[in-house]
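To start, the structure under review is shown below, and the notes come after it.
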Amino acid sequence: MGLSTHVLDTAHGCPAAGMQVALYAVGGGAATLVKRLVLGADGRNEGGPVLGNHELQVGAYRLVFEVAAYFRARGVQLPDPPF
């Protein structure tokens, strides 16, 4: 089954194509970067699951979505801090 994500931009009514995402493994009070990716035209990782069955291990993970950068790239005016 693996680990996947799908992001929709409900403000514009479309997938969040181009949004950057970082995946971290979390444990022992620390977060370790596992992978960075950019979402494709359908709002998903173009290469399939973020982590496939053979890569996914039991544990805690954190997905960090670069939402502010995505909206700024679309020309949306954001407050400071953005959210």
**Asked** Which ³J(HN,Hα) values in Hz, rounded to whole numbers, follow from the phi angles of segment 54-63 under the Karplus curve 6.51 cos²θ - 1.76 cosθ + 1.60, where θ = phi - 60° and Gly and Pro get x?
**Response** 6, 8, 6, 10, 4, x, 9, 10, 10, 9
**Request:** Would you mind computing, in nm to one decimal, how far apart the modelled labels at Ala68 and His12 are, each placed 7 Å from Cα along Cα→Cβ?
**Result:** 1.9 nm
**Message:** Skipping prolines and chain starts, which residues have an amide H placed within reach, meaning under 5 Å, of the one on Ala16, given they are 5 or more residues away or on another chain?
**Reply:** Val7, Leu8, Asp9, Gly43
**Read-out semi-axes √(5λ) of the Cα gyration tensor in Å, derived from the coordinates shown; its label in (i) 32, 18, 11; (ii) 25, 17, 9; (iii) 38, 17, 7** = (ii)
**Message:** Rounded to the nearest percent, how much of the accessible area of the chain (1.4 Å probe, protein heavy atoms only) is carbon and sulfur?
**Reply:** 54 percent
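The values are calculated or read from the model by the stated rules, or taken from the named source; none is laboratory data. In this text the structure is predicted, and so the values were computed from the model without any measurement. All Cβ positions, even for glycine, are placed from backbone atoms using ideal geometry, and neighbour counts span all protein chains on display. Surface accessibility is based on the protein's heavy atoms, side chains included, excluding ligands, DNA and RNA. Shrake-Rupley method; radii C 1.70, N 1.55, O 1.52, S 1.80 Å.
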